[in-house]
Amino acid sequence: VRREAIGRGRERREAVVSRDPRCARAHLELGRGRARLGDPKKAVMAFSRAAEIAPELRGSLLDSLDQLAREHPGEPTAHLLCATLNEREGRILPAAEAALAAISCGAEPEPVLQSLQRLRLAVQRQNPTPATSLSRIDLITFRAFRLMGRPSEAAKASRQILATGELRGELTLELNLLVGEHPRSVEARLCRAELAMTAGAADEGLRDLQ
């Protein structure tokens, strides 16, 4: 009975959208209805249209997308739109985390990597540049490359973190995972060795160099 009621509500909202396709609130409610009916892709399409028409609805849209992502964690489009809206709001780290979530769900990598590059530039433009925030973006980028199975590019991101001296504990864990997944990657082992050396663990670093 409840599902039938939700379906009728969706039909009413679709009728409103058909009569007034510029009604952002109708698109928002249509997306919520589609989400309740278990159709996350169409829900995201409606949310995206609402965002295009009325950017001021981003707060409500982000709340709806967060719920959608919790209910459908494997749906990359929800995370992608969440990343886009957070980026537009200047919420850099939430945007980067959403982008990483999209990668973990199998999103097309290049648009996500371009988004992470833009976010890194946005941090660099801050004066002074917050080193921890910059390293956090680099760590997220590292994780994205690791999830995509691209160890050389992950190692490059790790070197940017090494240069700041930030997030060493988290970077150590990530490099251990990377080396475990790609034991023949020279770049990954060199980065782990460099991190060990700078932390005063010369013996551990030397093992990676052998």
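Tabulated values for the structure
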read-out	value
Residues of the stretch 148-166 satisfying the condition of being over 19 Å from residue 103 (Cβ atoms) and of a type outside the set (Gly, Ala, Ser)	159, 162, 164, 166
Evaluation of residue 74 against (1) part of a loop (DSSP other than H, G, I, E, B); (2) more than 30 Å from residue 44 (Cα to Cα); (3) open to solvent by less than 60 Å² (accessible area, probe 1.4 Å) (one fails), failing number	(2)
The one condition in (1) at pLDDT 95 or above; (2) open to solvent by 70 Å² or more (accessible area, probe 1.4 Å) that residue 116 fails to fulfil	(2)
Candidates 151, 183 - the one that is surrounded by fewer than 15 Cβ atoms within 10 Å (Cβ to Cβ) and free of Cβ contacts under 8 Å to residues at least 40 places away in the same chain	183
From 134, 100, 81, 85, residue being under 17 Å from residue 153 (Cβ atoms) and surrounded by 15 or more Cβ atoms within 10 Å (Cβ to Cβ)	100
Test result for residue 162, over 19 Å from the mean Cα position of the chain (by Cα) and more than 23 Å from residue 76 (Cβ to Cβ)	yes
Within the stretch 32-66, tally of residues that are farther than 21 Å from residue 87 by Cα and either of a type in the set (Phe, Trp, Tyr) or open to solvent by less than 40 Å² (accessible area, probe 1.4 Å) (or both)	4
Helices (runs of 4 or more DSSP H) contained in the stretch 151-210 and holding at least 2 residues over 27 Å from residue 109 (Cα atoms) and touching a helix residue (DSSP H, G or I) at 6+ places or on another chain (Cβ under 6 Å)	186-198, 202-209
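The values are calculated or read from the model by the stated rules, or taken from the named source; none is laboratory data. As the structure is a computational prediction, the values presented were derived from the model and not from experiment. As a convention, Cβ positions derive from the backbone with ideal geometry for all residues, glycine included, and neighbour counts pool all protein chains shown. Surface accessibility is based on the protein's heavy atoms, side chains included, excluding ligands, DNA and RNA. Shrake-Rupley method; radii C 1.70, N 1.55, O 1.52, S 1.80 Å.
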